[in-house]
Amino acid sequence: MSIEKITIYSEASSITVDDGKIVALVQDYDTIEKVTEHIKEWIAMVRKYKEIGYFPLTEPEFIEDCIVTFTDLEPNKREVMRVNTFMKIEGFSGCNRIWQLPDELKVQASALLKGFYLEYDTENWEGFTVTELEN
């Protein structure tokens, strides 16, 4: 049994730009409760996938297989900025992903991202806690 602690950030789902500044950035999982529930749902799904043989060669790992692969959570702000998922960006035409925005707006978006600490047991995945990062 090993207790580990990492940072996680929810992917952004929409951004509003007004007069060259980001005035709103929405993350779907922006509270401890939402993040916790999202992780629990994917733990259950990975367990089901394991039962049907989705992981035939190795045992699934909590961070690599559950958090990084399946959830809408990323281990750092840089990865959130690189996500290739379409999002709603208002006020800046021609962009539908953070990485397409000009550098100044990407810096603003990064500063607005809300993050969390995820403390987990490497063997008992259900034994995890989520706490807010201090910005």
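The values are calculated or read from the model by the stated rules, or taken from the named source; none is laboratory data. Since the model is a prediction, treat every value here as computed from it, not as a measurement. Backbone-built Cβ (ideal geometry, glycine too); neighbour counts: all protein chains shown.
How about the range 98-135: which of its residues are under 14 Å from SER13 (Cα atoms) and either out of contact with any helix residue (DSSP H, G or I) (no Cβ under 9 Å at 6 or more places or on another chain) or of a type in the set (Asp, Glu) (or both)? LEU112, LYS114, listed by residue number.
Among the residues of the range 98-132, those that are in a loop (DSSP other than H, G, I, E, B) and either within 22 Å of PHE86 (Cβ to Cβ) or modelled with pLDDT of 95 or more (or both) comprise LEU101, PRO102, LEU113, LYS114, PHE128. Checked against (1) within 12 Å of ALA12 (Cβ to Cβ); (2) among the hydrophobic types (A, V, I, L, M, F, W, C); (3) in contact (Cβ under 8 Å) with a residue 60 or more places away in the chain, PHE92 meets all criteria but (1). Scanning the range 16-39 for residues that are polar (S, T, N, Q) and surrounded by 15 or more Cβ atoms within 10 Å (Cβ to Cβ) gives THR16, GLN27, THR36.
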